[in-house]
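Comments concern the structure below.
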Amino acid sequence: MTAGSRMRACAAAAVLALALLAVAVRAEDPYLFFEWKVTYGTRSPMGVPQKMILINDAFPGPTINCTSNNNIIVNVFNQIDKPLLFTWHGIQQRKNSWQDGMPGAMCPIMPGTNFTYKMQFKDQIGTFFYFPSIGMQRAAGGYGLISIHSRPLIPVPFDPPAADFSAMIGDWFTKDHTVLEKHLDTGKTIGRPAGLLINGKNEKDASNPPMYEVEAGKTYRFRICNVGIKASLNVRVQGHITRLVEMEGSHTVQNEYDSIDVHVGQCLSVLVTANQKPGDYFFVASTRFIKEVNTITAVIRYKGSNTPPSPKLPEAPNGWAWSINQWRSFRWNLTASAARPNPQGSYHYGQINITRTIKLSTSRAMVDGKERYALNGVSHVDSPTPLKLAEYFNASNGLFQYNLIGDTPPKAGTPIKLAPNVITTEYRTYIEVVFENPEKSIDSFHLNGYAFFAAGMGPGLWTPDSRRTYNLLDTVSRHTIQVYPRSWTAVMLTFDNAGMWNLRSNLWERYYMGEQLYVSCTSPARSLRDEYNMPENSLRCGKIVGLPLPAPYIIA
């Protein structure tokens, strides 16, 4: 080969290498496609026939089983007679509140139409769930598990389990969800739940046939979510120890527990080793902090067993002091990787200066004959035009005002105001949010679009001196946190995800009656680096129908 031909061959090889590199750079993460037909159907989960929301004629709905960074496409056909949205509880929707599925972020999918959610579960692993977010539809079913696995080359801090089991547990009401709405609209409450369900089944159906089958000597992962709307739960496995390994997308220090409290909206993963005498054992869940305790069991059967489980169930703990002490034992695994190779604890959240403290206190009062819940004196009412769209189209005048509430609660006795409750945060600032719960019952709060660090909690009212009790080293990064009766909980986070995000009580009766708000976090750069443009298929409704599209975001 001549020198010239060698040079041409080398140049061709270089061009080919660059082309392959370009393809690799452009290559997208895998796509997973789902088609959901959402209908009403009659089921009897508590032995009483009732109208429920089904997905593809099933309850619970299909599991979204995927890997970190997968692109998830869900085409939802609304075949019920009411507007519909699904929200993806705990999925951060980075730069993409357009797909968040809350009434303040999206127009609803109207009856007889369909809409396609396009999401990427970016840099997340762990256990989450989805549910319908409009009105009291969450009480009618329509929920399902989201299981996000680590990418193949990212180490996981425990050996692969023999199987991955779901345990979606929650309270259940036998009244139709529209009846529950009418109760609340006329000043009544929804009362107490009729019982508990696990994976959509009642006590009898969860045990015959056995829900879980195991082999002696093997270890199994249970993904546990409290998908109910009112009651905290305690879960335990008869005769076995549970090892906590993951909580709402974060690997944890692998402490062992006889039982674990799981509050409304929370998810976690435990490992259970089948190391007892082969037989049948009960997986047990029971309500906490409610006078009349409800309990549900599901059978775990060792392979080949013909020995029924002992009727003596392990007891649940008493009181909330035990629960808060257990919460203090939960720790972030600082050496484990999460969705990316760097260790979770490489983000030193306790060393960042707080730029703002927002203290949110719950209150309730009768307004126009109806009981309403409020945060800092404002009880949220949904706008006919979703807040995100009104903001994007610069059409918020006459629909809502920003910052009707201050960063501290109003004086006691201040009348509750009904209005869309929207606060603003400065992009990329580090903020402390304190929840105060003056009620005699427990509460649970969730923030869409983010994970936060639950740094502290305690009885009474929060003061700046309360920071002395914070865990500033290794509290778990998560998205849902409980607030005990007449107590406070403090969380910290960086508001770096541009969009319009719902902050709410997970107790759906309180949510429905206004205990929620939206956080508007905007990037001044209007850059695609910080937020995606409104998708072409976005639904339009209310005031923005017919308005021209704003100038698109560009790469700054």
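So, in region 254-288, of the ones that are acidic (Asp, Glu) and more than 22 Å from the chain's Cα centre (by Cα), which residue ends up nearest to THR335 (Cα to Cα)?
GLU256
Taking the stated definitions as given, is TYR257 more than 19 Å from ILE324 (Cβ to Cβ) and aromatic (Phe, Trp, Tyr)?
In short, no.
What pairs can you find where one residue is in region 193-218 and within 20 Å of HIS240 (Cα to Cα), the other is among the aromatic types (Phe, Trp, Tyr) and at pLDDT 95 or above, and their Cβ atoms are less than 7 Å apart, with a gap of 6+ or different chains?
TYR212/PHE165; TYR212/PHE283; VAL214/TYR220; VAL214/TYR302; ALA216/TYR302
Quick check, is CYS66 open to solvent by less than 10 Å² (accessible area, probe 1.4 Å), under 21 Å from PRO386 (Cβ atoms) and among the hydrophobic types (A, V, I, L, M, F, W, C)?
Judged against the criteria, CYS66 is not a match.
Among the residues of region 537-556, what is the count of those that are open to solvent by 70 Å² or more (accessible area, probe 1.4 Å) and outside any loop (DSSP other than H, G, I, E, B)?
Residues that pass the stated criteria total 2.
Go through region 368-393 and count every residue that is more than 23 Å from the chain's Cα centre (by Cα) and either assigned to a strand (DSSP E or B) or surrounded by fewer than 14 Cβ atoms within 10 Å (Cβ to Cβ) (or both).
7
Quick check on PRO160: is it open to solvent by 30 Å² or more (accessible area, probe 1.4 Å), without any contact (Cβ under 8 Å) to a residue 40 or more places away in the chain and over 21 Å from TYR373 (Cβ atoms)?
yes
Between a residue in region 107-131 that is in contact (Cβ under 8 Å) with a residue 60 or more places away in the chain and any residue that is open to solvent by less than 10 Å² (accessible area, probe 1.4 Å) and of a type in the set (Lys, Arg), which pairs come within a Cβ distance under 9 Å, given they are 6 or more apart or on different chains?
What qualifies is GLY126/ARG223; THR127/ARG223; PHE131/ARG138.
With region 406-494 as the region, which strands (runs of 3 or more DSSP E) entirely inside it contain at least 3 residues that are open to solvent by less than 30 Å² (accessible area, probe 1.4 Å)?
Those strands (runs of 3 or more DSSP E) span 422-426, 429-437, 443-447, 452-459, 480-483.
Looking at (1) modelled with pLDDT of 95 or more; (2) open to solvent by less than 60 Å² (accessible area, probe 1.4 Å), which is the one condition that is false for ALA9?
Exception for ALA9: condition (1).
So in region 348-367, with the set limited to residues that are outside any strand (DSSP E or B) and in contact (Cβ under 8 Å) with a residue 24 or more places away in the chain, which one is surrounded by the most Cβ atoms within 10 Å (Cβ to Cβ)?
TYR349
Please specify each residue of region 171-192 satisfying the condition of being on the phi < 0 side of the Ramachandran plot and either in contact with a Gly (Cβ under 7 Å, 6 or more places away or on another chain) or part of a helix (DSSP H, G or I) (or both).
Answer for region 171-192, where residues must be on the phi < 0 side of the Ramachandran plot and either in contact with a Gly (Cβ under 7 Å, 6 or more places away or on another chain) or part of a helix (DSSP H, G or I) (or both): ASP171, TRP172, HIS177, THR178, VAL179, LEU180, GLU181, LYS182, HIS183, LEU184, ASP185.
So for region 74-85 (the condition being touching a residue at least 60 places away in the same chain (Cβ under 8 Å) and either on the phi > 0 side of the Ramachandran plot or within 17 Å of the chain's Cα centre (by Cα) (or both)), does at least one residue qualify?
Within region 74-85 (the criterion being touching a residue at least 60 places away in the same chain (Cβ under 8 Å) and either on the phi > 0 side of the Ramachandran plot or within 17 Å of the chain's Cα centre (by Cα) (or both)), the answer is no, since none of the residues qualifies.
Conditions tested, residue by residue: (1) without any contact (Cβ under 8 Å) to a residue 24 or more places away in the chain; (2) open to solvent by 10 Å² or more (accessible area, probe 1.4 Å); (3) out of contact with any Pro (no Cβ under 7 Å at 6 or more places or on another chain); (4) not in a helix (DSSP H, G or I).
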{"site": "SER269", "(1), (2), (3), (4)": "no, no, yes, yes"}
{"site": "VAL293", "(1), (2), (3), (4)": "yes, yes, yes, yes"}
{"site": "PRO309", "(1), (2), (3), (4)": "no, yes, yes, yes"}
{"site": "ALA316", "(1), (2), (3), (4)": "no, yes, yes, yes"}
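Answer yes or no as to whether PHE165 is over 23 Å from ASP368 (Cβ atoms), in a strand (DSSP E or B), among the hydrophobic types (A, V, I, L, M, F, W, C) and open to solvent by 10 Å² or more (accessible area, probe 1.4 Å).
When the stated conditions are applied, PHE165 passes them.
The values are calculated or read from the model by the stated rules, or taken from the named source; none is laboratory data. The model shown is predicted, which means the values in this text are computed figures rather than measured ones. Cβ: placed from backbone, ideal geometry, glycine included. Neighbour counts: every protein chain shown. To get the accessible areas, we keep the full protein, side chains included, count just its heavy atoms, and leave off ligands, DNA and RNA. Shrake-Rupley method; radii C 1.70, N 1.55, O 1.52, S 1.80 Å.
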